[in-house]
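The values are calculated or read from the model by the stated rules, or taken from the named source; none is laboratory data. All values derive from a computational prediction rather than experimental measurement. Don't worry about glycine lacking a Cβ; one is built from the backbone with ideal geometry, like all the others, and counts go over all protein chains shown.
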Amino acid sequence: MSIVKKIEIDGQDVLFKASAAIPRIYRLKFQRDIYKDLRILEKSIGEGDEEHSNLDLFSLEMFENIAYTMAKHADPKIPDDVEEWLDSFNTFSIYQVLPELIKLWGLNVQTDVEAKKNFVLQSVK
């Protein structure tokens, strides 16, 4: 099961998809754990206030990689290169997009947990 969300970036509607495949896709492409990276980003961005956040260049790169992975998963026509995808935008704020991606990922995880609970309950009956 997956969840797709449209987020406006630089005046463009961009689809992002969260599913059980995302951790694997992210790990294979970037050799990193998306769960850990999202936790780091969530802590770094704080309440979404640019002046009080702890985002560094490495955090920004993690965000770009996560956003790219979820966008590519939603739309296979997106270029295979992160930089090429990023070049399709003038600018966009991590403080606007990251909270939306975190919500999307949270909805996906919540849906997976509920589906597993329902499966176990149905299997036990």
Margin query: Looking at region 53-62, can you tell me whether even one residue there is over 28 Å from residue 11 (Cα atoms), among the charged types (D, E, K, R), at pLDDT 90 or above and in a helix (DSSP H, G or I)?
Written below: no
Note to self: If I filter region 43-50 for residues that are assigned to a helix (DSSP H, G or I) and free of Cβ contacts under 8 Å to residues at least 40 places away in the same chain, do I get at least one hit?
What the structure shows: yes
Notebook entry, point to check: Which one of these does residue 87 not meet: (1) under 22 Å from residue 5 (Cα atoms); (2) in contact (Cβ under 8 Å) with a residue 12 or more places away in the chain?
Noted result: (2)
Next item on the list: Evaluate region 63-80: report whether one residue or more is assigned to a loop (DSSP other than H, G, I, E, B), on the phi < 0 side of the Ramachandran plot and of a type in the set (Ser, Thr, Tyr).
Entry: no
Margin query: So residue 28 ticks every box in (1) at pLDDT 95 or above; (2) surrounded by 11 or more Cβ atoms within 10 Å (Cβ to Cβ); (3) more than 27 Å from residue 90 (Cβ to Cβ); (4) not polar (S, T, N, Q) but one. Which box is left unticked?
Written below: (2)
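Answer yes or no as to whether residue 74 is at pLDDT 90 or above, surrounded by 11 or more Cβ atoms within 10 Å (Cβ to Cβ) and in contact with a Leu (Cβ under 6 Å, 6 or more places away or on another chain). Full working, then the answer.
Working: at pLDDT 90 or above: yes; surrounded by 11 or more Cβ atoms within 10 Å (Cβ to Cβ): yes; in contact with a Leu (Cβ under 6 Å, 6 or more places away or on another chain): yes.
Yes.
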Margin query: Is it the case, given these coordinates, that residue 50 is under 15 Å from residue 97 (Cβ atoms), exposed (fewer than 12 other Cβ atoms within 10 Å of the Cβ) and at pLDDT below 90?
Written below: yes
Check: In the list 94, 102, which residue meets the criterion of being touching an Asp or Glu at 6+ places or on another chain (Cβ under 8 Å), closer than 20 Å to residue 42 by Cα and either surrounded by 15 or more Cβ atoms within 10 Å (Cβ to Cβ) or modelled with pLDDT of 85 or more (or both)?
Finding: 102
